[in-house]
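The values are calculated or read from the model by the stated rules, or taken from the named source; none is laboratory data. The structure presented is a predicted model; accordingly, all values stated were derived computationally and were not measured. Here the Cβ is made from the backbone with ideal geometry for all residues, glycine too, and neighbour counts use every protein chain on show. Calculation scope for accessible area: heavy atoms of the full protein, side chains included, ligands and nucleic acids excluded. Shrake-Rupley method; radii C 1.70, N 1.55, O 1.52, S 1.80 Å.
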Amino acid sequence: MVRIGLIGCGYWGPNLVRNLAELEEADLAVVADVDASKVRKLTRRYPFLRGTEDPGEILRDAAIEAVVIATPAETHFDLARRALEAGKHVLVEKPLAMNPDESRRLAELADRTGLTLMVGHTFEYNPAVRRLKALAREEAFGKTRYIYSTRVNLGIFRPEINAMWNLAPHDLSILFYLLDEAPVSVIALGKAFLKPGVEDVVFLYLEFPSGAVAHVHVSWLDPSKVRRLTVVGEKRMAVYDDLDSEQKLKLYDRGLESTLFVDGGIQDYQVRLRAGDILAPKIETTEPLRIECAHFIECVRDKKRPLTDGWSGHRVVAALAAADESLRAGGARTAVRVA
Ligand SMILES: NC(=O)c1ccc[n+]([C@@H]2O[C@H](COP(=O)([O-])OP(=O)(O)OC[C@H]3O[C@@H](n4cnc5c(N)ncnc54)[C@H](O)[C@@H]3O)[C@@H](O)[C@H]2O)c1
């Protein structure tokens, strides 16, 4: 069993606790939060847990092998660095850090120490997203032309980071996972309505080395909740709707194909429409966070590299930083430097 301490008992922390508590290979022993009331709430619900207001207590505890960090993004770098330096394996929530210099340092530190560093890119553990990737890789799907993703809702407003840093790590991690590549450039446009400097709505346009392009729309100022991603391939198309409990994934056997023709010395393109079946594949219903937590434990125990390791976290942070630069420059096309 892997003995674990968790830091951060706000909104997301209790979900991690619930999943870790049910994993046979995990021994969740202690939780910490600077807010004592949050700690009390969790230790009341899970009486076997020890609680503390001092995260340092977990980092100094020699019996703790792994630390799970679910605190606000601005605290991730410092807590993850201290945990790795204390010889602990780390599962840290997204985004890994608030700038690429810090995310690279964490990825390098994990490599140097041989410790597991995993980032909570939950959607890469989502059975619908995994199935989508498998389908989009098939010859019958054709090369991916473009992807667009919408992640909007009314709330939760976060005063410290904008909607992009809060919501887009999910879309970016899904895009990089589906395409197996990081973008070369990004254009970002957005607007702050509620608090100056903190954008409530952001539109991203990303270009990838393969020629694929993507668009991401995030907002916490929208009338209704949408979590939808569309992948347009050369031969097929797919829609992943996370809120559709019956048909999370739909595969469309349809498309437009163009062929060049020459007629009397004139060259033109003939475009043909193909409209075939729509298929809704059966998707496994295991909670993605359960799969994520189990993967972390497996990686720690078997010394395996996580699917969402420090470098995967760094790629997302590098793209977010480039997008932030573009936002400040009024939507200038900005290079994404991942190396
Ligand atoms: N993977 C997902 O789907 C998902 C979903 C929601 C949130 N998250 C991530 O989880 C993290 C936490 O988000 P949340 O919504 O739970 O935020 P939250 O504000 O509800 O909770 C954060 C908690 O951390 C505590 N805290 C702050 N600084 C601390 C420190 N230095 N040491 C110990 N405790 C500290 C706060 O008191 C608070 O209770 C964020 O990084 C967020 O992006 C991920």
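Observations on the structure shown:
- Per residue, the convex hull around the alpha carbon atoms of segment 122-255 comes to 109 Å³.
- The largest-to-smallest principal axis extents of the Cα set in segment 208-287 are 59, 30, 27 Å.
- Pairs with C-alpha atoms separated by more than 32 Å, drawn from the list LYS38/LYS88; LYS94/LYS195; LYS143/LYS191; LYS250/LYS303; LYS38/LYS133, are LYS143/LYS191; LYS250/LYS303; LYS38/LYS133.
- Once the C-beta distance of ARG328 and LEU260 is scaled by a Förster radius of 45 Å, the resulting FRET efficiency is 0.60 to the nearest 0.05.
- Backbone N under 15 Å from the VAL34 label point (7 Å along Cα→Cβ), restricted to segment 147-173: 159-161
- Translational diffusion of the chain was estimated from the Stokes-Einstein equation, with Rh taken as the Kirkwood radius over Cα pairs; at 20 °C and 1.002 mPa s the coefficient is 101 µm²/s.
- Segment 180-339, relative contact order in percent, only Cα pairs under 8 angstrom and at least six apart counted: 23 percent
- Computed from backbone phi, the HN-Hα couplings of segment 84-94 come to 5, 5, 8, x, 9, 6, 9, 10, 10, 5, 7 Hz, rounded to whole numbers (Karplus: 6.51 cos²θ - 1.76 cosθ + 1.60, θ = phi - 60°; Gly and Pro given as x).
- Each residue of segment 144-150 is assigned a 3J(HN,Hα), and the resulting list reads 6, 8, 7, 9, 9, 9, 10 Hz, derived from the Karplus form 6.51 cos²θ - 1.76 cosθ + 1.60 (θ = phi - 60°), x at Gly and Pro.
- Tilt relative to the chain, helix 288-302 - C-alpha long axis, 0 to 90 degrees, to 10: 60 degrees
- Approximate spin-label separation ALA62-TYR269, in nm, with each point projected 7 Å along Cα-to-Cβ: 6.8 nm
- Rounded to 10°, Cα long-axis angle of helix 163-179 versus longest principal axis of the chain: 60 degrees
- Stokes-Einstein D (µm²/s) once Rh is taken as the Kirkwood radius of segment 125-180 over alpha-carbon pairs, at 4 °C in 1.567 mPa s: 99 µm²/s
- Our note on the geometry: Cα centres of segment 166-227 and segment 33-82, 31 Å apart.
- Nearest-20 debye value, the chain charge dipole, Cβ charges on Lys, Arg, Asp, Glu: 260 debye
- 5 Å binning of all Cα-Cα separations within segment 15-173, expressed as whole percents from 0 upward: 1, 8, 14, 17, 18, 16, 13, 7, 3, 2, 1
- On full extension, the segment bounded by GLU108 and LEU189 gains 26.0 nm, given 0.36 nm per residue less the C-alpha separation.
- In plain terms, if you count all Cα to Cα distances in segment 1-88 and split them into 5 Å steps from zero, the share in each step is 3, 16, 29, 27, 18, 6, 0 percent.
- Expressed as a whole percent, the accessible area of segment 120-169 that falls on carbon and sulfur atoms is 51 (1.4 Å probe).
- Residues whose amide H falls under 5 Å from that of GLY233, counting only those 5 or more places apart or on a different chain, are ARG145, ALA238, with hydrogens built in the peptide plane.
- A 1.4 Å probe run over the chain, with the rest of the protein chains in place, finds 46 Å² accessible per residue.
- Simple spin-label estimate for ARG305 and ALA140 in nanometres, 7 Å along Cα-Cβ: 3.2 nm
- For the chain, the longest principal axis of the Cα atoms and the long axis of helix 100-113 meet at an angle of about 60 degrees.
- Cβ-derived FRET efficiency at R0 41 Å, LYS282 paired with THR75, nearest 0.05: 0.55
- Given charges at Cβ of Lys, Arg, Asp, Glu: the chain dipole, positive-most of ALA280, THR334, ALA128: ALA280
- Scaling the Cα radius of gyration of segment 117-157 by the globular reference 2.2 N^0.38 Å produces a ratio of 1.56.
- Rg and Dmax of segment 236-328, Cα atoms only, in Å: 22.1, 69
- Surface composition of segment 219-339: carbon plus sulfur atoms hold 50% of the accessible area, using a 1.4 angstrom probe and ignoring ligands, DNA and RNA.
- Highest-first packing order for the peptide set 2-13, 149-160 is 2-13, 149-160, based on the mean count of other beta carbon atoms within 10 Å.
- Relative contact order (%) - criterion: Cα under 8 Å, at least six apart; region: the chain: 19 percent
- Percentage of interatomic Cα-Cα distances in segment 59-148 larger than 18 Å: 53 percent
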